[in-house]
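Here is the structure we will look at, set down as structure tokens.
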Amino acid sequence: MNDINSYRRKFLGGLAGTAAVATIAPGIFLREVQAKPADEAVSDKVRWGMLIDTNKLDDGGDACIEACKKEHGWGNDPKSNDTQQAQWIRKVKVTEKMTGHEVTLPVMCQHCETAPCVDVCPTGASMKRADGIVQVNKHICIGCRYCMMACPYKARSFVHETIVDQRPDTPRGKGTVESCNMCVNRVDDGKNPACVDAAPQAMLFGDLNDPDSEISQILKKFGGTQIRADLGLNTGVRYWGI
Amino acid sequence: MLHKSIQSVILTSLMFVLVTGLSACDSNSKPPELMKAVNQFKSDEIRDRHIENMRINHMDELLHKRDETVINGIRTEDHSLKSCINCHIPEQYNGKVLRSTDPEHFCSTCHNYVAQKIDCFQCHVDHPNNSKVSQIAPNDIIHTNAKLGTPSKKHLPSTVAEYKVENLSKHKQVIGEKE
């Protein structure tokens, strides 16, 4: 077993172990992400979600960010300055004033159930897939950037320049808005999002609608914090340690 | 009689203009030579059917498929733009990457000929870009964070990190309970 696997086992060990004992048999892990047949449409029976343990992210999420850049090819647009560069996922540092305790967490699209970006989009380009993944349908995006203003997590970016040599599975183009799409191409293929694979000791991806999934079991037992839970958006990305 | 002959003269001259015009048109209107696809069909019959269908319907097929893919997550190879590109565009052409702005590009050859602007490649990559995403491993990653301007942080040795983190993490309790 390599290091990553052993981290993952430890991370999942406690709860997944008990859950497995209760439901199936010890040592049997249900596979979290199951590939749907390629010709089948996504259904609302699943809702993809993510749990991030910030205490286990010793690099504050740098590995996730690099993996995301590699997968989707953003972050190096030659003519854009630092404020114009796309940021699908970014590091946010929070310091508690009294104790000076610092927490660094990766923040990306939180894949809200009731997403403000979807509400405000005039063309329907900002959309939520049946399986809960929020993304931009760039074919009909007109680049008005209402969604960027509506998003309380500052998760969306605008592409300011002509892009070439995109990743084949991640089209990116001037004049459209983009954001984390939970690696739809990978998820449809039965894989984890790239960031989860880059930090398997701290991140867990799975189906929030399935009460037997690892992520649901862990969230049921220990809960998970939403960022700005007061907005009542029921985010698909949950955190520990913030 | 005179009237009739004038009519016939006009008619013949018109015919002449039409025929010469058409023949001139004919010589210029040969469709442009298209680049041969990278992969070939097993039989000519299948290929001919594919060509016949695609000449007329490729835009509709692509339009239909794009919504199926983006909205419903259907990612079959049929009529996916990625498959078209992978088969019709070589990875290298004359030692360089073939782009949609080049006249030899499979799509551009015809689209230039009929002066039809093509929008796909404003977002989609216009040549096969199959360079595998190199192994995503936390250790060999360069840590930069342009926007925050924070100094790049070296990845901590896993054992040290594990030790520190586990002391704080809620998950410690989970593992602790089990052990």
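The values are calculated or read from the model by the stated rules, or taken from the named source; none is laboratory data. As the structure is a computational prediction, the values presented were derived from the model and not from experiment. All Cβ positions, glycine included, derive from the backbone under ideal geometry; neighbour counts span all protein chains shown.
Please go through region B:63-79 and pick out each residue that is in contact (Cβ under 8 Å) with a residue 12 or more places away in the chain and either facing chain A (nearest Cβ under 10 Å) or loosely packed, with under 15 Cβ neighbours inside 10 Å (or both). Listed by number, the residues that qualify are B:His64, B:Arg66, B:Asp78. If you go through region A:154-166 and keep only what is surrounded by fewer than 18 Cβ atoms within 10 Å (Cβ to Cβ) and of a type in the set (Lys, Arg), you end up with just A:Lys154. Scanning region A:162-183 for residues that are among the aliphatic types (A, V, I, L, M) and at pLDDT below 95 turns up A:Ile163, A:Val164.
Within region A:126-182, the set of residues being within 9 Å of chain B (Cβ to nearest Cβ), in contact with a helix residue (DSSP H, G or I) (Cβ under 6 Å, 6 or more places away or on another chain) and of a type in the set (Gly, Ala, Ser) comprises A:Gly173 only. The numbered conditions (1) out of contact with any Ser or Thr (no Cβ under 6 Å at 6 or more places or on another chain); (2) closer than 28 Å to B:Arg75 by Cα; (3) buried (at least 19 other Cβ atoms within 10 Å of the Cβ); (4) away from every other protein chain (no Cβ under 11 Å) are all true for A:Asn209 except (3).
Residues checked against (1) at pLDDT below 55; (2) at the interface with chain B (Cβ under 7 Å from one of its Cβ atoms); (3) within 25 Å of A:Cys109 (Cα to Cα):
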residue	(1), (2), (3)
A:Leu15	yes, yes, no
A:Ala19	yes, no, no
A:Ile28	yes, no, no
A:Asp39	no, yes, no
A:Asp44	no, no, yes
A:Cys68	no, no, yes
A:Lys79	no, no, yes
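The C-beta contact set for region A:217-230 (first residue surrounded by 12 or more Cβ atoms within 10 Å (Cβ to Cβ), second residue of a type in the set (A, V, I, L, M), distance under 6 angstrom, 6+ apart or interchain) comprises A:Gln217/A:Leu15; A:Gln217/A:Ala19; A:Ile218/A:Leu15; A:Lys221/A:Leu15; A:Gly224/A:Leu51; A:Thr225/A:Ile242. Filtering region B:86-105 to residues that are closer than 10 Å to B:Asp126 by Cα and assigned to a helix (DSSP H, G or I) leaves only B:Asn86.
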